[in-house]
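Novice: Right, I'll just put the structure down here and ask away after.
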Amino acid sequence: MGSHLNLVGSIIIAGIIFLTINRFHSSMVETSQEKTMGSIASRNWSSLAKLIEFDFSRIGYGVSTNLNPLLVADSTQIHFLSDINENGAIDTIKYELSDSDAATKTENPNDKILYRLVNGQQAQEAPLGVTRFRMRYFDNRGNEIADLTQICTLEVMLEVETTSRFNERYSNYLWQTRISPPNLRK
């Protein structure tokens, strides 16, 4: 009788150990997948942030001092002049955020397309998971303004989510910065 109890006890302990190992493995797989999704969102956020910082810091570059390089500046779009390619020709650069219906190639219902147009030519559309793109504008004293001729600093807020969900969630990154293009302070 004692050997049967030992056998049953061993089976129960082995089952508990097996379940613990299985749960640990599942947890590791889940964490790994979440980190992979977060890494994708981070790469998308990083590449967009670098492009925005580069373009916005060059607002007005090569543009005559008697011409305002800002053409349109509101909360979701900005159009400006710059010799972005450093080829001696003034380019018109536009950043505009679509509505969520434009990003049809992803499963995320909240993402949109952030369009970057240079001289009316759109770069190839890439579903990068942009969910918010907001801009605010400030004068040389730090006061928020809407007058294009008084803008010295731009505040950019960009939120990027993964285009696919994991465990019913989308990993996201929020980036916010202020950029003071030197050619706006002429």
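Novice: Identify all residues within region 97-121 that are more than 21 Å from Y173 (Cβ to Cβ) and either in contact with a strand residue (DSSP E or B) (Cβ under 6 Å, 6 or more places away or on another chain) or at pLDDT 80 or above (or both); write none if there are none.
Specialist: L117, V118, N119, G120, Q121
Novice: What residue, among those in region 50-104 that are small (G, A, S) and over 19 Å from the mean Cα position of the chain (by Cα), is surrounded by the fewest Cβ atoms within 10 Å (Cβ to Cβ)?
Specialist: For region 50-104, the residue satisfying everything is G88.
Novice: Can you tell me how many residues within region 58-70 are out of contact with any helix residue (DSSP H, G or I) (no Cβ under 8 Å at 6 or more places or on another chain) and touching a residue at least 60 places away in the same chain (Cβ under 8 Å)? Let's see the steps before the verdict.
Specialist: Step one: list which residues in region 58-70 are out of contact with any helix residue (DSSP H, G or I) (no Cβ under 8 Å at 6 or more places or on another chain), which gives 62, 64-67.
If we keep only those that are touching a residue at least 60 places away in the same chain (Cβ under 8 Å) too, we end up with 65.
Total satisfying the criteria: 1.
Novice: Go through (1) in contact with a Phe, Trp or Tyr (Cβ under 9 Å, 6 or more places away or on another chain); (2) among the charged types (D, E, K, R); (3) in contact (Cβ under 8 Å) with a residue 12 or more places away in the chain for R134 and report which single condition fails.
Specialist: (1)
Novice: Name the single residue that is surrounded by the fewest Cβ atoms within 10 Å (Cβ to Cβ) among those in region 163-186 being assigned to a loop (DSSP other than H, G, I, E, B) and more than 17 Å from the chain's Cα centre (by Cα). Spell out the reasoning first.
Specialist: If we filter region 163-186 for residues that are assigned to a loop (DSSP other than H, G, I, E, B), which is where we start, we get 163-165, 167-168, 170-171, 180-181, 185-186.
Next, from what is left, pick out any that are more than 17 Å from the chain's Cα centre (by Cα): 167-168, 180-181, 185-186.
Numbers: N167: 8, E168: 5, S180: 15, P181: 21, R185: 11, K186: 12.
Checking each candidate, the answer is E168.
Novice: Looking only at region 142-162, which residues are touching a Gly at 6+ places or on another chain (Cβ under 8 Å), assigned to a strand (DSSP E or B) and within 24 Å of S100 (Cα to Cα)? Walk me through how you get there before you give the answer.
Specialist: Of region 142-162, the ones touching a Gly at 6+ places or on another chain (Cβ under 8 Å) are 153, 160-162.
Then drop every residue that is not assigned to a strand (DSSP E or B), which leaves 153, 160-161.
V160, E161 - these are the residues of region 142-162 that are touching a Gly at 6+ places or on another chain (Cβ under 8 Å), assigned to a strand (DSSP E or B) and within 24 Å of S100 (Cα to Cα).
Novice: Let me ask you something else. Name every residue in region 86-114 that is more than 18 Å from V156 (Cβ to Cβ), touching a residue at least 24 places away in the same chain (Cβ under 8 Å) and not charged (D, E, K, R), in order of residue number.
Specialist: G88, I90, T92, A103, T106, N108, N110 - these are the residues of region 86-114 that are more than 18 Å from V156 (Cβ to Cβ), touching a residue at least 24 places away in the same chain (Cβ under 8 Å) and not charged (D, E, K, R).
Novice: Test L19 against the criterion of being more than 19 Å from R116 (Cβ to Cβ), at pLDDT below 90 and in a loop (DSSP other than H, G, I, E, B), and give yes or no.
Specialist: On the way: more than 19 Å from R116 (Cβ to Cβ): yes; at pLDDT below 90: yes; in a loop (DSSP other than H, G, I, E, B): no.
For L19, the condition - more than 19 Å from R116 (Cβ to Cβ), at pLDDT below 90 and in a loop (DSSP other than H, G, I, E, B) - is not met.
Novice: Filter region 163-182 for residues that are touching a Gly at 6+ places or on another chain (Cβ under 7 Å) and at pLDDT 90 or above and give the result. Walk me through how you get there before you give the answer.
Specialist: From region 163-182, those touching a Gly at 6+ places or on another chain (Cβ under 7 Å) are 163, 171, 181; that's our starting set.
Selection gives P181 alone.
Novice: Sticking with this structure for a sec: Mind listing just one residue for me: the one in region 45-64 that is of a type in the set (V, I, T) and in contact with a Pro (Cβ under 9 Å, 6 or more places away or on another chain) and, of those, nearest to V118 (Cα to Cα)?
Specialist: Keep residues of region 45-64 that are of a type in the set (V, I, T), which gives 52, 59, 63.
Filter again for in contact with a Pro (Cβ under 9 Å, 6 or more places away or on another chain), leaving 59, 63.
Working: I59: 13, V63: 15 Å.
Checked region 45-64; the qualifying residue nearest to V118 (Cα to Cα) is I59.
Novice: Oh, and also: Which of the strands (runs of 3 or more DSSP E) found entirely inside region 56-118 contain at least 1 residues meeting this: in contact with a Lys or Arg (Cβ under 7 Å, 6 or more places away or on another chain) and polar (S, T, N, Q)? So that I can check it myself, show each step before the final result.
Specialist: Values: elements: 70-73, 77-82, 91-97, 114-118.
Counting at least 1 such residues, we get 77-82.
Novice: Look at region 106-123 and say how many of its residues are under 17 Å from the mean Cα position of the chain (by Cα) and either surrounded by 14 or more Cβ atoms within 10 Å (Cβ to Cβ) or not small (G, A, S) (or both). Spell out how you get there, then give the answer.
Specialist: Let us first name the residues in region 106-123 that are under 17 Å from the mean Cα position of the chain (by Cα), namely 106-116, 123.
In the following step, the residues that additionally are either surrounded by 14 or more Cβ atoms within 10 Å (Cβ to Cβ) or not small (G, A, S) (or both) were identified as 106-116.
Number satisfying all stated conditions: 11.
The values are calculated or read from the model by the stated rules, or taken from the named source; none is laboratory data. Predicted model, so just to flag it, every value in this text is computed and none were measured. Every residue, glycine among them, receives a Cβ derived from its backbone with ideal geometry; neighbour counts consider all protein chains shown.
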